[in-house]
Amino acid sequence: MSNTVKKITVIGMLLAIQVVLGRFVAISLPTVKISFTFLPIVITAMLYGPLWGGAAAVMGDFLIAVLGPYGYYPPMAITALLTGIVYGLFLYRKPANTLRVSACIILQSILLSILLQTYWLTLLTGKGFLLLLPTRILQNLVTAPVQIVCVRWIAYKVCDLIQYGRVSQADAGK
C-alpha cells in the first residue's frame, strides 16, 4: 500500500473513531462535554503533524455537531483546529515523554478549552463568561489528568502499531 493511500485510510479510520466517540460515547450537555474524542485527534497529530491533526479535528467537530442534538456552531471549529495544531506541535515526531504530554494537555486545556471554548459558549448561549467559567474549569480539572494518562500510555502505543505493526521495544515493558 502506498504511503498516500495508507495516510488517507488511517486518517479516515481515526476520524470515524472520533465521530463514534464524540456522538455515542460521550456525556454531552449544552455547555459541558466529556468524551474521548481527543484521542483520535492526538494520534492523527502524532502520526501526520499539526496540519493533519488540525484538519482532522475540524472535520470530526463538524460531523459530531451535525449528527448531534445541538447543531453546528462554526467558531468552535477554530478551537478544534487549534487543538489539533497544538497536539501536533508538541507531539509530532517526538519521543514519549510525560512532561511534554502534560505540558501539551495543560496548555490545550487552559488556553483552548477553558478560555477560547468558554468564550464561544458565551456568544452561543448568551450566558456570561464568568458564569460558565467554573463549570469549564471543573470539567478540565477532571479530564486533563485522564487525557495525560491516555496520551502517554495509549496514544504512543497505537501510533507504534499503526506505523510498525507492533509496539516498540521501548514501550513494550511499560
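Computed from the coordinates by the stated procedures, all read-outs in this text should not be read as laboratory data. The structure presented is a predicted model; accordingly, all values stated were derived computationally and were not measured. Virtual Cβ from ideal backbone geometry, glycine too; neighbours counted across all protein chains shown.
Hey, what's the Cα Rg ratio for segment 92-174 versus the globular rule of thumb, 2.2 N^0.38 Å? Working shown, then result.
Numbers: Rg = 16.6 Å, N = 83, 2.2 N^0.38 = 11.8 Å.
With N residues counted in segment 92-174, Rg over 2.2 N^0.38 Å equals 1.41.
Considering every pair of different Cα atoms, what Kirkwood radius, in Å, is found for the chain?
Working: mean 1/r = 0.0610 Å⁻¹.
For the chain, the Kirkwood estimate is 16.4 Å.
Expressed in nm to one decimal, what extension gain is obtained for the pair THR98 and LEU29 from 0.36 nm per residue of sequence separation less their Cα-Cα distance?
My answer for the length gained is 21.8 nm.
Cut-off is 10 Å between beta-carbons; in what order do VAL20, VAL42 appear when sorted fewest neighbours first?
On the way: VAL20 15, VAL42 32.
Listed from fewest to most nearby Cβ atoms, that is VAL20, VAL42.
Which whole-Hz couplings ³J(HN,Hα) result when phi for each residue of segment 153-159 is put into the Karplus expression 6.51 cos²θ - 1.76 cosθ + 1.60, θ = phi - 60°, listed in order with x for Gly and Pro?
Once θ is set to phi - 60°, the couplings for segment 153-159 become 9, 10, 4, 5, 5, 5, 4 Hz.
By how many degrees, between 0 and 90 and to the nearest 10, does the Cα long axis of helix 50-67 differ from the longest principal axis of the chain?
It works out to around 50 degrees.
If one takes the longest principal axis of the Cα atoms in the chain, at what angle in degrees, from 0 to 90 and to the nearest 10, does the Cα axis of helix 98-107 lie?
30
Where a ≥ b ≥ c are the square roots of the eigenvalues of the C-alpha gyration tensor, would you call segment 1-58 rounded, which needs a/c under 1.5, or, failing that, prolate if a/b is larger than b/c, or oblate?
Numbers: a/c = 3.30, a/b = 2.12, b/c = 1.56.
It is prolate, given that a/c is not under 1.5 and a/b is the larger ratio.
Rank LEU161, LEU47, LEU133 by mean-square fluctuation in a GNM of the chain with C-alpha springs under 10 angstrom and give only the top-ranked residue.
Sorting by GNM fluctuation, first place goes to LEU161.
At a Cα cut-off below 16 Å, give the lysines reachable from LYS127, other chains included and same-chain residues fewer than 8 away excluded.
Cross-link targets: none qualify.
What residues qualify as long-range amide H neighbours of VAL167, i.e. H under 5 Å apart, gap of 5 or more or another chain, H built at 1.01 Å from N?
When sequence neighbours closer than 5 places are left aside, there are no close amide H contacts.
How many nm is it between the label spots at LEU131 and ASN3, if each spot is 7 Å from the Cα in line with the beta carbon?
Each label point lies 7 Å from its Cα, and together they span 5.2 nm.
As I understand it, the value is the acute angle between the Cα axis of helix 129-150 and the longest principal axis of the Cα atoms of the chain; what does it come to in degrees, rounded to 10?
Once rounded, one gets 20 degrees.
Count the net charge of all other residues whose Cβ sits under 15 Å from the Cβ of LEU15, scoring Lys and Arg as +1 and Asp and Glu as -1. Intermediate values should be presented prior to the final figure.
Working: positive: LYS6, LYS7, ARG23; negative: ASP61.
Neighbour charge sum, excluding LEU15 itself: +2.
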